[in-house]
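Engineer: Got a structure for you, questions after.
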Amino acid sequence: MNELLAMAESVFGDAWDSTGEGFDADLWRTCEETGLARLTLPESAGGSGGSFADATAVLRSAGRFAARVPLVETDLMAGWLAHAAGLELPGGPLSAVGADGAAEVSVVDGRANGTLRRVPWGRAVSAVVVPVGDQVVLVTTGAAGIRVAEGTNVAEEPRDDLVLRDVPVRTAPLPDGALEEFRLRAALGRSLLLAGAGRCALGMAARYATERVQFGRPIAKLQAIQQMLALAASEVAAAEASASAAALEADRDGIVGASVAIAAAKARAGEAAGEIARIAHQVHGALGFTREHDLRLATTRLWAWRDEDDAEPVWNEQLGGVALAAGAAGIWPLLVGRD
């Protein structure tokens, strides 16, 4: 684990580029060469056979260094769903969209028509995997009949609409329970990225506080600044702890078995994201919003990823339903993860 973390920190740290935009092809090649691109997929699917605990080290590092590559989409989402359905995985980066209205597509006789909305990294990936009805559909992006309407999230990561007109696709039956696991995998991956971005924003704020001198001393000496940084640090710790705990539980009990932990992790990481971003900009004296400032690489990702794969109100509502169903006698075992 320590070796994997060191490798991930080296790979993503070396690729840090505050002026870069869009997909980082060089970084992706490095991820493929080092086995980070498809870390948790089995070797039979071209993966590294890693655990979710392994993914914790990699995705938190990717979030911390604002890596411009679709790791969650390729490994935890598209790669897993296609492999679970028995579809052969194409090479290169992959993407996926859920069955939540993002896929307005019909498939008849192996040909697809419709629109895939806000596909992460759509313009850069080799294929998109999407559940449609009772099928898993694999769309090769180089096929004729696909028009890309480019868009981005607030962090300027590609979120493109793919318009399909009589596009040949590969399909397979949707495995039982796959939709729930697909959604949980996306949430777990996004939680880990959020934890990494939070650590990045905290580091920048702490460093700026030691460098910015006001009234003859660094502002880090001011009690108000110290309290703000302490609050941000506690939020980072909460996001990291909840996401890491969810990953460990997923290794132990499976993704669906860890559904409560994953819901809690995404909700807690989303809540932390807002606080960390607010404090980081306040410490900077409201600087950091422009493209010229590196802080926006962290905070815009915190804002974007907080809303993606369902924001915290959705997960909190789900957790509330689970708690009510558990009843008075079941709430403590639910909280501590014991039957």
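Engineer: Suppose we keep only residues that are among the charged types (D, E, K, R) and more than 18 Å from the chain's Cα centre (by Cα) within the range 1-20. Which one would you say is surrounded by the most Cβ atoms within 10 Å (Cβ to Cβ)? Before you say what the answer is, go through the steps one by one.
Structural biologist: Here is the first cut: in the range 1-20, the ones among the charged types (D, E, K, R) are 3, 9, 14, 17.
Filter once more, keeping what is more than 18 Å from the chain's Cα centre (by Cα): 3, 14, 17.
Working: E3: 8, D14: 12, D17: 15.
It comes out as D17.
Engineer: (1) within 28 Å of L5 (Cβ to Cβ); (2) crowded, with 23+ Cβ neighbours inside 10 Å; (3) more than 13 Å from the chain's Cα centre (by Cα): which one isn't true of L164, the others all being true?
Structural biologist: All conditions are met except number (1).
Engineer: Go over the candidates G50, G20 one by one and state the one that is within 20 Å of R190 (Cβ to Cβ) and either small (G, A, S) or assigned to a helix (DSSP H, G or I) (or both). Even if it seems obvious, please write down each step before you answer.
Structural biologist: Working: G20 fails: within 20 Å of R190 (Cβ to Cβ).
After applying the criteria, what remains is G50.
Engineer: May I pose another question? Which residues, counting only those in the range 21-46, are surrounded by fewer than 15 Cβ atoms within 10 Å (Cβ to Cβ) and acidic (D, E)? Explain how you work it out, then say what you get.
Structural biologist: So the first thing to find is which residues in the range 21-46 are surrounded by fewer than 15 Cβ atoms within 10 Å (Cβ to Cβ), and the list is 21-22, 25-26, 29, 33, 42-44.
If the condition is that a residue be surrounded by fewer than 15 Cβ atoms within 10 Å (Cβ to Cβ) and acidic (D, E), then E21, D26, E33, E43 are the ones that fit.
Engineer: Can you tell me which residue is nearest to A272 (Cα to Cα) among those in the range 201-244 that are β-branched (V, I, T) and out of contact with any Ser or Thr (no Cβ under 9 Å at 6 or more places or on another chain)?
Structural biologist: As a first pass, look at the range 201-244 and keep what is β-branched (V, I, T): 210, 213, 219, 225, 236.
Among the residues that remain, those that are also out of contact with any Ser or Thr (no Cβ under 9 Å at 6 or more places or on another chain) are: 210, 213, 225, 236.
Numbers: T210: 23, V213: 28, I225: 18, V236: 7 Å.
Across the range 201-244, the extreme among qualifying residues is V236.
Engineer: Looking at the range 152-174 only, could you name the residues that are among the small types (G, A, S) and either in contact with a Cys (Cβ under 6 Å, 6 or more places away or on another chain) or closer than 16 Å to V128 by Cα (or both)? Full working, then the answer.
Structural biologist: So the first thing to find is which residues in the range 152-174 are among the small types (G, A, S), and the list is 155, 172.
The one that is among the small types (G, A, S) and either in contact with a Cys (Cβ under 6 Å, 6 or more places away or on another chain) or closer than 16 Å to V128 by Cα (or both): A172.
Engineer: So is E157 of a type outside the set (A, V, I, L, M, F, W, C), touching a residue at least 12 places away in the same chain (Cβ under 8 Å) and either in the same structural domain as F289 (by TED's automatic domain parsing) or in contact with a helix residue (DSSP H, G or I) (Cβ under 8 Å, 6 or more places away or on another chain) (or both) or not? Steps first, answer last, please.
Structural biologist: Working: of a type outside the set (A, V, I, L, M, F, W, C): yes; touching a residue at least 12 places away in the same chain (Cβ under 8 Å): yes; either in the same structural domain as F289 (by TED's automatic domain parsing) or in contact with a helix residue (DSSP H, G or I) (Cβ under 8 Å, 6 or more places away or on another chain) (or both): yes.
Yes.
Engineer: If I filter the range 218-227 for residues that are out of contact with any strand residue (DSSP E or B) (no Cβ under 7 Å at 6 or more places or on another chain), buried (at least 20 other Cβ atoms within 10 Å of the Cβ), in a helix (DSSP H, G or I) and among the charged types (D, E, K, R), do I get at least one hit?
Structural biologist: Taking every residue of the range 218-227 in turn, none turns out to be out of contact with any strand residue (DSSP E or B) (no Cβ under 7 Å at 6 or more places or on another chain), buried (at least 20 other Cβ atoms within 10 Å of the Cβ), in a helix (DSSP H, G or I) and among the charged types (D, E, K, R).
Engineer: While we're here: Looking only at the range 220-236, which residues are basic (K, R) and either closer than 13 Å to Q282 by Cβ or not assigned by TED's automatic domain parsing to the domain that holds I279 (or both)?
Structural biologist: Passing the criteria: none in range.
Engineer: Mind checking whether some residue in the range 72-86 is more than 12 Å from the chain's Cα centre (by Cα) and closer than 21 Å to N2 by Cα?
Structural biologist: Here is the first cut: in the range 72-86, the residues more than 12 Å from the chain's Cα centre (by Cα) are 78-86.
Retained after the next criterion (residues that are closer than 21 Å to N2 by Cα): none.
Within the range 72-86, none of the residues are more than 12 Å from the chain's Cα centre (by Cα) and closer than 21 Å to N2 by Cα.
Engineer: Give the residues of the range 94-115 that are buried (at least 23 other Cβ atoms within 10 Å of the Cβ) and in contact (Cβ under 8 Å) with a residue 60 or more places away in the chain, sorted by residue number.
Structural biologist: Of everything in the range 94-115, just one residue is buried (at least 23 other Cβ atoms within 10 Å of the Cβ) and in contact (Cβ under 8 Å) with a residue 60 or more places away in the chain, namely A96.
Engineer: Okay, moving on. Given the condition among the polar types (S, T, N, Q), on the phi < 0 side of the Ramachandran plot and assigned to a loop (DSSP other than H, G, I, E, B), answer yes or no: does some residue in the range 158-178 qualify?
Structural biologist: Applying the first criterion (among the polar types (S, T, N, Q)) to the range 158-178 yields 171.
Going one step further and asking which of them are on the phi < 0 side of the Ramachandran plot, we end up with 171.
Pick out the ones that are also assigned to a loop (DSSP other than H, G, I, E, B) and you get none.
No - not one qualifying residue is present in the range 158-178.
Engineer: In the range 116-152, how many residues are in contact (Cβ under 8 Å) with a residue 60 or more places away in the chain and either of a type in the set (D, E, K, R) or out of contact with any Pro (no Cβ under 8 Å at 6 or more places or on another chain) (or both)?
Structural biologist: Residues in the range 116-152 being in contact (Cβ under 8 Å) with a residue 60 or more places away in the chain and either of a type in the set (D, E, K, R) or out of contact with any Pro (no Cβ under 8 Å at 6 or more places or on another chain) (or both): 1 in total.
Engineer: On to the next question. Every residue in the range 156-186 that is closer than 15 Å to L116 by Cα and of a type in the set (K, R), please. It would help to see each step written out before you state the result.
Structural biologist: Just the residues of the range 156-186 that are closer than 15 Å to L116 by Cα, to begin with: 158-169.
If the condition is that a residue be closer than 15 Å to L116 by Cα and of a type in the set (K, R), then R159, R165 are the ones that fit.
Engineer: Let me ask something else. Are any residues in the range 81-90 closer than 15 Å to S44 by Cβ and either touching a strand residue (DSSP E or B) at 6+ places or on another chain (Cβ under 9 Å) or assigned to a loop (DSSP other than H, G, I, E, B) (or both), and if so, which ones?
Structural biologist: If we filter the range 81-90 for residues that are closer than 15 Å to S44 by Cβ, which is where we start, we get 82-89.
Of everything in the range 81-90, those that are closer than 15 Å to S44 by Cβ and either touching a strand residue (DSSP E or B) at 6+ places or on another chain (Cβ under 9 Å) or assigned to a loop (DSSP other than H, G, I, E, B) (or both) turn out to be A82, A84, A85, G86, L87, E88, L89.
Engineer: Additional query: Inspect all residues belonging to the range 273-280 and state whether any of them is of a type outside the set (S, T, Y) and surrounded by fewer than 18 Cβ atoms within 10 Å (Cβ to Cβ). It would help to see each step written out before you state the result.
Structural biologist: The initial filter retains those residues of the range 273-280 that are of a type outside the set (S, T, Y), namely 273-280.
Still in the list and also surrounded by fewer than 18 Cβ atoms within 10 Å (Cβ to Cβ): 274, 278.
Yes; the residues of the range 273-280 include at least one that is of a type outside the set (S, T, Y) and surrounded by fewer than 18 Cβ atoms within 10 Å (Cβ to Cβ).
The values are calculated or read from the model by the stated rules, or taken from the named source; none is laboratory data. The structure displayed is predicted, hence computed values, not measured ones. When we count neighbours, we look across all protein chains shown, and the Cβ atoms used for this are built from the backbone with ideal geometry, even at glycine.
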